[in-house]
1. Hey, among Lys86, Lys120, Lys115, which residue is of a type outside the set (A, V, I, L, M, F, W, C), in a loop (DSSP other than H, G, I, E, B) and over 17 Å from the mean Cα position of the chain (by Cα)?
2. Quick check on the stretch 39-69: of everything there that is farther than 23 Å from Leu113 by Cβ and touching a residue at least 40 places away in the same chain (Cβ under 8 Å), which residue is surrounded by the most Cβ atoms within 10 Å (Cβ to Cβ)?
3. Sort out which residues of the stretch 17-27 are farther than 14 Å from Cys75 by Cβ and either modelled with pLDDT under 95 or among the small types (Gly, Ala, Ser) (or both), and write them in order of number.
4. Would you check if there is a residue in the stretch 16-26 being over 17 Å from Glu98 (Cβ atoms), under 15 Å from the mean Cα position of the chain (by Cα) and in a helix (DSSP H, G or I)?
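The values are calculated or read from the model by the stated rules, or taken from the named source; none is laboratory data. Keep in mind the model is a prediction, meaning the values are calculated, not measured. In this analysis, Cβ positions are derived from the backbone assuming ideal geometry, glycine residues included, and neighbour counts consider all displayed protein chains.
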Amino acid sequence: MVIVKISRFEDVIAWQIGRELISRLYSVLGKCKDYSFRDQLQRAAVSINNNIAEGFGRIGNKEFIRYLKISKGSCLEVRSMLYTAKDIKLIEEVEFKELFTLTVRIEQILVNLIKSIELK
């Protein structure tokens, strides 16, 4: 088993994938006229990364885990909203699948990171 020390929040793979998710969402939703929906989806995506960063800056693993769980919740919010975006034709099927896959990857990484920290 390889143990990787995280010395900066930028080292968290979920945060790195989150950057890609945010970038793609902003691009895909750039022309969306439903500003409220677009803003909520974008805020939820940004929240994934912000909670990873904020939790990393907290003192102690218990606080970090708490923020990672909040980040996971934001990830699931994005996933739920992606279904709506697809259903109401704001995004195409191919975009949905790509964005959905990113949320699944982020969630899996967060779950594994939480488990690994809890085992320490």
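1. Criteria check complete, one pass: Lys120.
2. Leu41
3. Once the filter is applied, which keeps residues that are farther than 14 Å from Cys75 by Cβ and either modelled with pLDDT under 95 or among the small types (Gly, Ala, Ser) (or both), the stretch 17-27 yields Ser23, Ser27.
4. Within the stretch 16-26, not a single residue is over 17 Å from Glu98 (Cβ atoms), under 15 Å from the mean Cα position of the chain (by Cα) and in a helix (DSSP H, G or I).
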